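Enquirer: The structure that follows is given in the form of structure tokens.
No lab work stands behind these numbers, since they all come straight from the coordinates. Bear in mind the structure is a predicted one, so any value in this text is a computation, not a measurement. Glycine gets a Cβ as well: all are built from the backbone with ideal geometry, and neighbour counts include every protein chain shown.
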Amino acid sequence: MSQEQRRPRPAPEPRAANVNSVLSIAVAVLAVLLGFFILRDLRNDSGLAASEEATPTEDVASETTLDTMPVQTTAAPVVLTAFKVQIANASGVSGSAGLLTTELQGKGYIVQPAINKSEITPKQTATVVYYLLGSEAAAAQVAQELGGVATSPMPTPIPTETGSLGEASVLVLLGTDLAGKPLSIIAGGAATTPAVIVTTTTTA
């Protein structure tokens, strides 16, 4: 064998392996950095988008609040001819229900002929305006006409001598507080002596 063949081959230099390792590390670091910056930009973009979307929502909410704020309105007056009134004398003052019937008719109300309270209904000292369901506004109008007396749902049984209201939806159970008084006095709140005679037998 020749001397050239006997010589051992030199070991490959590790330079290439070192270069590959450095490149791998550099690529990994670069990938991490790029990922970090990309994620940060995405978060910033999503935050801006969320804030931009929130602004019109707030505007819509404020507009909705303004649109839905309660507006104070005046209640429409009740049409006096849209309901009928029944007056029942519960005062013991003869003729007082008839007088009040005439007074309310003069104001434009449709009032049925006056009647008396039922036998089981005690004598009333305070006038009350009763109403059927749905006639609350009408009853309030009549009560205001009578100086602001109390209103209440219709009791059962109906406290009239007939036990019914006929076509009426509002019942004035007349007490001694308003018996025999004209509406001009009632509205003014001044006391007056009843203009009718008290008898032992109550009549409307």
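Enquirer: Would you grab the residues whose amide H sits under 5 Å from the one on residue 84? Only those 5+ places off in sequence or on another chain, please, with H modelled 1.01 Å from N.
Expert: Here 169, 170 satisfy the definition.
Enquirer: Picking from 144, 163, 112, whose Cα lies most toward the positive end of the charge dipole for the stretch 80-188 (charges on Cβ: Lys, Arg +1; Asp, Glu -1)?
Expert: 144
Enquirer: When DSSP beta bridges are limited to those with both residues in the stretch 80-188, what percentage is antiparallel, rounded to the nearest 5?
Expert: Numbers: 5 of 18 bridges.
Beta bridges within the stretch 80-188, antiparallel portion: roughly 30 percent.
Enquirer: Here is a further query. For a test of understanding, tell me how many lysine pairs in the stretch 80-188 have Cα atoms under 19 Å apart, given they are 8 or more places apart or on different chains. Before the final figure, lay out each step's value.
Expert: Working: 84/107; 84/117; 107/181; 117/181; 123/181.
Summing the qualifying lysine pairs gives 5.
Enquirer: For residue 133 and residue 110 in the same chain, what is the full-extension length gain: residue separation times 0.36 nm, less their Cα-Cα distance, in nm?
Expert: In short, 6.4 nm is gained.
Enquirer: Let me ask you something else. For a bin width of 10 Å, list the pair-distance distribution of the stretch 80-188 built from all Cα-Cα distances, rounded to whole %.
Expert: Reading upward from the zero bin: 16, 56, 26, 1.
Enquirer: Also: Return the sequence-ordered ³J(HN,Hα) values of the stretch 123-137 in whole Hz as given by the Karplus equation 6.51 cos²θ - 1.76 cosθ + 1.60 applied to θ = phi - 60°, using x for Gly and Pro.
Expert: 4, 9, 8, 10, 6, 10, 9, 9, 9, 7, 4, x, 10, 4, 5
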